[in-house]
Amino acid sequence: MPVYAKDVSVLMPGQDVPTFIAHPAPAPCPPERIQWPSHQPPPFAGPSSNPS
């Protein structure tokens, strides 16, 4: 876990007073893995009853 300085200020070009900057935003969470349906057709089961 990174440790940040407590007070961070930056002097932007054209400004006389430094600007206070809060802690940097944390890295975004990784996307959730979504189970997408398969592109394969379901296997053919055939008729469930065989007429005799």
Residue pairs within 6 Å by beta carbon, gap of at least six or interchain, first lying in the stretch 20-41 and under 30 Å from V8 (Cα atoms), second of a type in the set (S, T, N, Q) and not in a loop (DSSP other than H, G, I, E, B), listed first then second, are F20/S9
Expected single match for at pLDDT below 70, assigned to a loop (DSSP other than H, G, I, E, B) and exposed (fewer than 10 other Cβ atoms within 10 Å of the Cβ) among P47, P26, P41 is P47
Just checking, does the stretch 2-22 include any residue being in a loop (DSSP other than H, G, I, E, B), surrounded by fewer than 10 Cβ atoms within 10 Å (Cβ to Cβ), at pLDDT 80 or above and within 23 Å of the chain's Cα centre (by Cα)? no
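The values are calculated or read from the model by the stated rules, or taken from the named source; none is laboratory data. Note that this is a predicted model, so its numbers are computed, not measured. Cβ: placed from backbone, ideal geometry, glycine included. Neighbour counts: every protein chain shown.
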